[in-house]
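Trainee: Structure provided below as structure tokens; questions to follow.
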Amino acid sequence: MNFIPVNEPLLNGNEKKYLCECIDTGWISSEGPFVKEFEQKMSATVGRKYGIAVSNGTAALEIAVQALGIGEGDQIIMPTFTIISCAMAVTKVGAVPVLVDSDLHTWNMNVDEIEAKITSRTKAIMIVHLYGLPVEVNNILALAKKYNLKVIEDAAEMHGQTYNGKPCGSFGDISTFSFYPNKHITTGEGGMIVTDNEESAERCRMLRNLCFRKDVRYVHDEISDNYRFTNLQAAVGLAQLERLDEFVERKRKMGRYYTEQLKEIDGLILPIEKTDYAVNIYWVYGIVLNNNIHADNKTIQKLLAEEGIGSRTFFWCMHEQPVYRNKKLFFDESYPNAEYLARKGFYIPSGLALTKEQMDKVVDKLKKVMNQI
């Protein structure tokens, strides 16, 4: 039985050509010319002045929080339903994540809950766009202006997506991307910070590189990590970026096909195709089980795996993470929409290399599993 993985990247463009150039010239480290070119082209794609490539998306978030001067006791409002990297970036500097629930329609953070969470200690709002549709950005920007707050925009899953026609990644004081293999643009591992603020950009460059002083190498006034990005990664990223429009259209076509094939299956809540501000780019094809299905996502996943179909659960809520419970964070907090998504949501194979024949097999096996349930 040929197993269909949940994601397989598409690497049949200029990736090999550019990698060979790195090897032939000897430029393989973070000093190579592809790094700067990738930073410039990626930041230009989302309409930002500066791009700072880093080792992964988590590093991008951590540097973004530090670069904004957020520290001990400060508060950042963010969704509970997201990857732990977002909360880690906050707690690592001694700041406190203040959580909001999800919108069951888009699966993003419920922006209507944000204002009530703002206090005198609030320094920023972290936007996290999830699974293919962006957050309602305008409402958040208005709150940030009203209360003089910074905006950190995690656009890790939003390569090629727009909000009201403007690129995701263009809205934060600092915005971040991930280039993990399941993203529309991959470099294997990798991430990028983008901003229009020259001072913030310079600080991000220092923080990614051990905080070397500009005047004297090996002398440091601050402590930071090594978050550098290699020329090899940038070579792959450039080749991927050349095909971004093609990849977005491919993903949208896949999403529409899945929806057409799965819409009659009882008990499945499928992703919405569009809102009044964006068309879904289906970073992954997510599915939520209806309440009338007396099973959780893990039960469905186990049955799919037995049929040779890979899948993955949605994110687990921050307020239910054992590591934060052990630290006495989020005591007695409950976010029912996010909890529902975390227990009932999963996604099926939807990588860029997926073929129609594989999609048909996924549909067939999912129908079989749902009939069993």
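The values are calculated or read from the model by the stated rules, or taken from the named source; none is laboratory data. Since this is a predicted model, take the numbers as computed values, not measurements. For neighbour counting, all protein chains shown are included, and Cβ atoms are generated from backbone atoms with ideal geometry for every residue, glycine included. All accessible areas refer to the heavy atoms of the entire protein, side chains included, with ligands and DNA or RNA removed. Shrake-Rupley method; radii C 1.70, N 1.55, O 1.52, S 1.80 Å.
Trainee: Please state which of the following conditions residue 332 fails to meet, knowing it meets all the rest: (1) at pLDDT below 95; (2) surrounded by 22 or more Cβ atoms within 10 Å (Cβ to Cβ).
Mentor: (2)
Trainee: Only one of these conditions is not met by residue 229: (1) closer than 27 Å to residue 22 by Cβ; (2) within 21 Å of the chain's Cα centre (by Cα); (3) open to solvent by 40 Å² or more (accessible area, probe 1.4 Å). Which number is it?
Mentor: Status for residue 229: all satisfied but (3).
Trainee: Every residue in segment 118-132 that is over 20 Å from residue 61 (Cα atoms) and open to solvent by less than 60 Å² (accessible area, probe 1.4 Å), please.
Mentor: Selection gives 118 alone.
Trainee: Being over 30 Å from residue 357 (Cβ atoms) and in contact with a Gly (Cβ under 7 Å, 6 or more places away or on another chain) narrows it down to one of 21, 39, so name that one.
Mentor: Just one listed residue meets the conditions, 39.
Trainee: OK, next. Scan segment 335-344 and tell me whether some residue there is of a type outside the set (S, T, N, Q), assigned to a loop (DSSP other than H, G, I, E, B) and either open to solvent by 60 Å² or more (accessible area, probe 1.4 Å) or closer than 18 Å to residue 100 by Cα (or both).
Mentor: yes
Trainee: Among the residues of segment 20-69, which ones are among the β-branched types (Val, Ile, Thr) and touching a residue at least 60 places away in the same chain (Cβ under 8 Å)?
Mentor: The answer is 28, 35, 45, 46, 52, 54, 58, 63, 65.
Trainee: Continuing with the same structure: Which residue pairs have Cβ atoms under 9 Å apart, sit 6 or more places apart or on different chains, and have a first residue in segment 183-210 that is on the phi > 0 side of the Ramachandran plot and a second that is in a loop (DSSP other than H, G, I, E, B) and buried (at least 24 other Cβ atoms within 10 Å of the Cβ)?
Mentor: Short answer, once both residue conditions are applied: 188/179; 190/179; 190/229.
Trainee: Report the residue count in segment 27-42 for those that are farther than 27 Å from residue 167 by Cα and open to solvent by 50 Å² or more (accessible area, probe 1.4 Å).
Mentor: 4
Trainee: In addition: Within segment 345-373, can you find the residues that are of a type in the set (A, V, I, L, M), part of a loop (DSSP other than H, G, I, E, B) and buried (at least 18 other Cβ atoms within 10 Å of the Cβ)?
Mentor: 352, 354
Trainee: Here's a follow-up. In segment 190-216, which residues are outside any helix (DSSP H, G or I), modelled with pLDDT of 95 or more and among the basic types (Lys, Arg)?
Mentor: Across segment 190-216, the qualifying residue is only 208.
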